[in-house]
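Participant: First, the structure itself, so that you have it in front of you.
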Amino acid sequence: MTVIDFSAFIGRLATASGETILPFFRTSLSIDDKSKTKDFDPVTEADRAAEAVMRRLIKANFPQHGIVGEEFGNEREDADYVWVLDPIDGTKSFIGGFPIWGTLIALLHKGTPVFGMMHQPFIGERFSGDNGSANYKGPSGERRLQVRRCASLSEATTYTTSPLLMNESDRAIFGRIERGARLSRYGGDCYSYCMLAAGHVDLVVETELKSYDIAALIPIVTGAGGVVTTWEGKPAQGGGRIIAAGDARVHEEALRLLNQ
(Lines give C-alpha, C1' and ligand atoms only; values in the text may rest on other atoms or scores of the structure.)
Protein backbone atom coordinates (compact mmCIF):
# COMPACT_ATOMS: atom_id res chain seq x y z
CA MET A 1 0.00 0.00 0.00
CA THR A 2 1.50 3.32 -1.08
CA VAL A 3 1.26 6.73 0.53
CA ILE A 4 -0.98 7.80 -2.36
CA ASP A 5 -3.40 4.97 -1.57
CA PHE A 6 -3.43 5.87 2.10
CA SER A 7 -3.98 9.52 1.16
CA ALA A 8 -7.08 8.60 -0.83
CA PHE A 9 -8.44 6.54 2.04
CA ILE A 10 -7.83 9.36 4.54
CA GLY A 11 -9.86 11.55 2.19
CA ARG A 12 -12.71 9.05 2.49
CA LEU A 13 -12.45 9.15 6.27
CA ALA A 14 -12.54 12.96 6.21
CA THR A 15 -15.59 13.05 3.95
CA ALA A 16 -17.49 10.50 6.02
CA SER A 17 -16.70 12.21 9.33
CA GLY A 18 -17.56 15.64 7.95
CA GLU A 19 -20.93 14.45 6.66
CA THR A 20 -21.61 13.02 10.11
CA ILE A 21 -20.58 16.12 12.05
CA LEU A 22 -22.13 18.96 10.05
CA PRO A 23 -25.81 18.22 10.85
CA PHE A 24 -24.93 18.81 14.53
CA PHE A 25 -23.00 22.06 14.10
CA ARG A 26 -24.77 25.22 15.34
CA THR A 27 -27.72 23.24 16.64
CA SER A 28 -29.08 22.72 20.16
CA LEU A 29 -27.14 19.52 20.83
CA SER A 30 -26.62 17.87 24.18
CA ILE A 31 -23.20 18.23 25.80
CA ASP A 32 -21.57 15.87 28.26
CA ASP A 33 -18.61 16.67 30.50
CA LYS A 34 -15.85 14.01 30.41
CA SER A 35 -13.76 15.72 33.05
CA LYS A 36 -13.35 14.15 36.45
CA THR A 37 -12.03 17.44 37.83
CA LYS A 38 -13.33 20.99 37.87
CA ASP A 39 -12.02 21.58 34.33
CA PHE A 40 -14.77 21.42 31.70
CA ASP A 41 -14.02 18.79 29.02
CA PRO A 42 -17.03 18.66 26.68
CA VAL A 43 -18.02 15.85 24.33
CA THR A 44 -21.02 15.75 22.03
CA GLU A 45 -22.95 13.21 20.02
CA ALA A 46 -21.16 14.60 16.96
CA ASP A 47 -17.76 13.60 18.40
CA ARG A 48 -18.90 10.06 19.09
CA ALA A 49 -20.77 9.58 15.83
CA ALA A 50 -17.88 10.81 13.69
CA GLU A 51 -15.31 8.60 15.39
CA ALA A 52 -17.64 5.60 15.10
CA VAL A 53 -17.99 6.17 11.35
CA MET A 54 -14.23 6.40 10.87
CA ARG A 55 -13.60 3.29 12.97
CA ARG A 56 -16.06 1.27 10.91
CA LEU A 57 -14.36 2.30 7.67
CA ILE A 58 -10.89 1.48 8.99
CA LYS A 59 -11.94 -1.92 10.28
CA ALA A 60 -13.65 -2.76 6.99
CA ASN A 61 -10.66 -1.77 4.85
CA PHE A 62 -7.65 -2.44 7.13
CA PRO A 63 -8.72 -4.95 9.79
CA GLN A 64 -5.08 -5.60 10.72
CA HIS A 65 -4.45 -1.94 11.60
CA GLY A 66 -4.64 -0.46 15.07
CA ILE A 67 -6.82 2.47 16.12
CA VAL A 68 -6.29 5.11 18.80
CA GLY A 69 -9.27 7.41 19.27
CA GLU A 70 -10.30 10.09 21.71
CA GLU A 71 -13.82 8.80 22.31
CA PHE A 72 -13.62 5.00 22.10
CA GLY A 73 -10.11 4.13 23.26
CA ASN A 74 -7.36 2.02 21.71
CA GLU A 75 -7.39 -1.17 19.68
CA ARG A 76 -4.32 -3.08 18.46
CA GLU A 77 -2.11 -0.11 19.27
CA ASP A 78 0.96 -2.34 18.88
CA ALA A 79 0.22 -2.97 15.17
CA ASP A 80 2.68 -1.75 12.52
CA TYR A 81 0.06 0.70 11.20
CA VAL A 82 -2.09 2.62 13.67
CA TRP A 83 -4.74 5.25 12.95
CA VAL A 84 -4.99 8.09 15.47
CA LEU A 85 -8.34 9.90 15.44
CA ASP A 86 -9.71 13.06 17.00
CA PRO A 87 -13.19 13.53 15.53
CA ILE A 88 -13.52 17.14 16.71
CA ASP A 89 -10.38 18.88 17.89
CA GLY A 90 -11.70 22.11 19.36
CA THR A 91 -14.98 20.89 20.82
CA LYS A 92 -15.28 24.03 22.95
CA SER A 93 -15.26 26.14 19.76
CA PHE A 94 -17.67 23.66 18.16
CA ILE A 95 -20.27 23.98 20.92
CA GLY A 96 -19.86 27.77 20.82
CA GLY A 97 -20.68 27.84 17.11
CA PHE A 98 -17.21 29.00 16.02
CA PRO A 99 -15.67 27.16 13.03
CA ILE A 100 -12.21 26.94 14.59
CA TRP A 101 -12.25 23.16 14.96
CA GLY A 102 -11.33 20.23 12.80
CA THR A 103 -11.19 16.48 12.43
CA LEU A 104 -7.67 15.11 12.92
CA ILE A 105 -6.68 11.88 11.18
CA ALA A 106 -3.16 10.45 11.49
CA LEU A 107 -1.53 7.30 10.21
CA LEU A 108 1.42 5.97 12.23
CA HIS A 109 3.88 3.42 10.93
CA LYS A 110 5.80 1.70 13.72
CA GLY A 111 5.03 4.60 16.03
CA THR A 112 5.97 7.44 13.66
CA PRO A 113 3.32 9.70 12.06
CA VAL A 114 3.69 9.26 8.29
CA PHE A 115 0.53 11.02 7.10
CA GLY A 116 -1.85 13.49 8.66
CA MET A 117 -4.93 15.49 7.75
CA MET A 118 -6.93 18.26 9.39
CA HIS A 119 -10.39 18.54 7.85
CA GLN A 120 -12.72 21.48 8.52
CA PRO A 121 -15.97 20.48 6.81
CA PHE A 122 -17.95 23.64 7.57
CA ILE A 123 -15.43 25.86 5.76
CA GLY A 124 -14.46 23.07 3.37
CA GLU A 125 -10.73 23.09 4.07
CA ARG A 126 -8.25 20.22 4.19
CA PHE A 127 -4.65 20.48 5.34
CA SER A 128 -2.56 17.36 4.77
CA GLY A 129 1.07 16.31 4.94
CA ASP A 130 3.43 13.33 4.80
CA ASN A 131 6.53 14.92 6.41
CA GLY A 132 8.06 15.50 2.97
CA SER A 133 5.41 17.91 1.69
CA ALA A 134 2.16 19.49 2.82
CA ASN A 135 -0.89 20.66 0.91
CA TYR A 136 -4.02 22.75 1.23
CA LYS A 137 -7.33 22.19 -0.51
CA GLY A 138 -10.26 24.50 0.04
CA PRO A 139 -12.49 27.30 -1.28
CA SER A 140 -9.46 29.20 -2.59
CA GLY A 141 -8.19 26.18 -4.54
CA GLU A 142 -5.22 23.91 -3.98
CA ARG A 143 -1.63 24.80 -3.11
CA ARG A 144 1.50 23.59 -1.40
CA LEU A 145 1.97 24.69 2.19
CA GLN A 146 5.20 26.39 3.19
CA VAL A 147 6.22 27.87 6.54
CA ARG A 148 7.64 31.38 6.55
CA ARG A 149 11.10 32.47 7.60
CA CYS A 150 11.37 34.20 10.95
CA ALA A 151 14.80 35.08 12.31
CA SER A 152 13.95 35.49 15.99
CA LEU A 153 11.25 35.28 18.62
CA SER A 154 11.07 39.07 18.73
CA GLU A 155 9.67 38.95 15.18
CA ALA A 156 7.32 36.01 15.81
CA THR A 157 3.58 35.62 16.10
CA THR A 158 2.86 32.92 18.65
CA TYR A 159 -0.32 31.04 19.55
CA THR A 160 -1.58 28.86 22.35
CA THR A 161 -5.14 27.63 22.74
CA SER A 162 -5.35 29.09 26.24
CA PRO A 163 -2.82 29.63 29.02
CA LEU A 164 -5.63 28.67 31.42
CA LEU A 165 -5.19 25.09 30.18
CA MET A 166 -1.64 25.10 31.59
CA ASN A 167 -0.74 24.35 35.18
CA GLU A 168 0.62 27.24 37.21
CA SER A 169 4.27 26.34 36.65
CA ASP A 170 3.95 25.88 32.88
CA ARG A 171 1.95 29.08 32.61
CA ALA A 172 4.79 31.00 34.23
CA ILE A 173 7.31 29.39 31.88
CA PHE A 174 5.11 30.21 28.87
CA GLY A 175 5.16 33.83 30.04
CA ARG A 176 8.80 33.98 28.92
CA ILE A 177 7.68 33.22 25.37
CA GLU A 178 4.92 35.83 25.49
CA ARG A 179 7.24 38.54 26.76
CA GLY A 180 9.73 37.77 24.00
CA ALA A 181 7.32 37.48 21.08
CA ARG A 182 6.17 40.31 18.86
CA LEU A 183 2.54 39.15 19.09
CA SER A 184 0.87 36.53 21.26
CA ARG A 185 -2.65 35.29 20.53
CA TYR A 186 -5.00 32.72 22.05
CA GLY A 187 -7.35 30.18 20.49
CA GLY A 188 -7.14 28.01 17.43
CA ASP A 189 -6.58 24.45 18.63
CA CYS A 190 -5.57 22.48 15.50
CA TYR A 191 -5.99 25.55 13.29
CA SER A 192 -2.96 27.22 14.87
CA TYR A 193 -0.68 24.46 13.60
CA CYS A 194 -2.23 24.59 10.13
CA MET A 195 -1.78 28.35 9.98
CA LEU A 196 1.84 27.84 11.00
CA ALA A 197 2.24 25.36 8.11
CA ALA A 198 0.59 27.90 5.79
CA GLY A 199 3.06 30.64 6.79
CA HIS A 200 0.77 32.88 8.84
CA VAL A 201 1.97 31.96 12.36
CA ASP A 202 5.52 31.39 13.60
CA LEU A 203 5.20 29.51 16.88
CA VAL A 204 2.64 27.35 18.71
CA VAL A 205 3.20 26.36 22.34
CA GLU A 206 0.85 23.99 24.19
CA THR A 207 0.69 21.68 27.20
CA GLU A 208 -1.34 18.63 28.29
CA LEU A 209 -1.90 17.37 24.73
CA LYS A 210 -2.81 13.76 24.01
CA SER A 211 -1.49 11.78 21.05
CA TYR A 212 -4.73 12.33 19.13
CA ASP A 213 -4.35 16.12 19.56
CA ILE A 214 -0.98 16.30 17.80
CA ALA A 215 -0.18 13.16 15.75
CA ALA A 216 -2.01 14.30 12.59
CA LEU A 217 -0.50 17.79 12.74
CA ILE A 218 3.14 16.67 12.83
CA PRO A 219 3.34 15.51 9.18
CA ILE A 220 1.58 18.71 8.09
CA VAL A 221 3.96 21.06 9.92
CA THR A 222 7.12 19.11 9.06
CA GLY A 223 5.95 18.63 5.48
CA ALA A 224 5.66 22.41 5.18
CA GLY A 225 9.23 22.85 6.47
CA GLY A 226 8.55 23.37 10.17
CA VAL A 227 9.54 21.51 13.31
CA VAL A 228 7.46 19.96 16.11
CA THR A 229 8.90 18.64 19.38
CA THR A 230 8.16 18.46 23.06
CA TRP A 231 9.45 21.21 25.33
CA GLU A 232 12.42 18.90 25.95
CA GLY A 233 13.19 18.69 22.23
CA LYS A 234 11.95 15.09 21.95
CA PRO A 235 9.53 13.53 19.40
CA ALA A 236 6.03 14.90 19.92
CA GLN A 237 3.66 12.19 18.71
CA GLY A 238 2.94 10.99 22.25
CA GLY A 239 1.62 14.41 23.28
CA GLY A 240 2.49 16.33 26.43
CA ARG A 241 4.06 19.79 26.33
CA ILE A 242 4.44 20.68 22.64
CA ILE A 243 6.22 23.39 20.68
CA ALA A 244 5.90 23.88 16.92
CA ALA A 245 7.81 26.45 14.90
CA GLY A 246 8.05 27.44 11.27
CA ASP A 247 11.69 28.46 11.50
CA ALA A 248 14.32 26.36 13.29
CA ARG A 249 15.90 29.53 14.71
CA VAL A 250 12.69 30.45 16.54
CA HIS A 251 12.29 26.87 17.71
CA GLU A 252 15.80 26.87 19.17
CA GLU A 253 15.34 30.24 20.88
CA ALA A 254 11.95 29.25 22.33
CA LEU A 255 13.33 25.94 23.62
CA ARG A 256 16.05 27.80 25.47
CA LEU A 257 13.47 30.01 27.17
CA LEU A 258 11.24 27.06 28.06
CA ASN A 259 14.16 25.21 29.67
CA GLN A 260 15.89 28.02 31.55
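The values are calculated or read from the model by the stated rules, or taken from the named source; none is laboratory data. Remember, it's a predicted structure, so these values are computed and weren't measured experimentally. Note that we place each Cβ from the backbone using ideal geometry, even for glycine, and neighbour counts take in every protein chain shown. Heads up: the accessible areas ignore ligands, DNA and RNA and are worked out on the full protein's heavy atoms, side chains in. Shrake-Rupley method; radii C 1.70, N 1.55, O 1.52, S 1.80 Å.
Participant: Residues of segment 215-254 with backbone nitrogen within less than 14 Å of a virtual label 7 Å along the Cα-to-Cβ line of R149, please, listed as ranges.
Facilitator: 247-250
Participant: Percent relative contact order of the chain, based on C-alpha pairs within less than 8 angstrom and at least six residues apart? Mind dumping the intermediate values first?
Facilitator: Numbers: 604 pairs, mean separation 41.3, N = 260.
Over the chain, the number comes to 16 percent.
Participant: Once amide H atoms are placed 1.01 Å from N in the peptide plane, what residues at a sequence separation of 5 or more from G66, or on another chain, have their amide H within under 5 Å of its amide H?
Facilitator: A79, Y81, V82, W83
Participant: OK, next. Of all accessible surface on the chain at a 1.4 Å probe, what whole percent is carbon and sulfur? Kindly include the intermediate steps, with their values, before the conclusion.
Facilitator: Working: 5880 of 11700 Å².
Taking all protein chains in place, the chain shows 50 percent carbon and sulfur surface.
Participant: Counting each pair of different Cα atoms once, what's the Kirkwood radius of the chain in Å, rounded to one decimal?
Facilitator: Final number for the Kirkwood radius of the chain is 18.3 Å.
Participant: Just the number, please: Stokes-Einstein D of segment 94-176 in µm²/s, Kirkwood Rh from C-alpha pairs, 20 °C, 1.002 mPa s. Provide the component values of the computation, followed by the final result.
Facilitator: Numbers: Rh = 15.8 Å.
Once the numbers are plugged in, D ends up at 135 µm²/s.
Participant: From largest to smallest, what semi-axes in whole angstrom does segment 6-144 give when each is the square root of 5 times an eigenvalue of its alpha carbon gyration tensor?
Facilitator: On the way: eigenvalues 111, 80, 34 Å².
So the three semi-axes of segment 6-144 are 24, 20, 13 Å.
Participant: Let me ask something additional. R0 = 22 Å: FRET efficiency of N74 with L165, Cβ-based, nearest 0.05? Numbers along the way, then the final one.
Facilitator: Values: r = 23 Å, r/R0 = 1.06.
Plugging the Cβ-Cβ distance into 1/(1 + (r/R0)^6) gives 0.40.
Participant: What number, in percent, do you get for the relative contact order of segment 153-259 if the mean sequence gap of Cα pairs under 8 Å and at least 6 apart is divided by its residue count? Walk me through the numbers before you get to the answer.
Facilitator: Numbers: 209 pairs, mean separation 30.6, N = 107.
For segment 153-259, the relative contact order is 29 percent.
Participant: How much solvent-accessible surface does K92 expose, in Å² to the nearest 10, with a 1.4 Å probe and all protein chains in place?
Facilitator: 110 Å²
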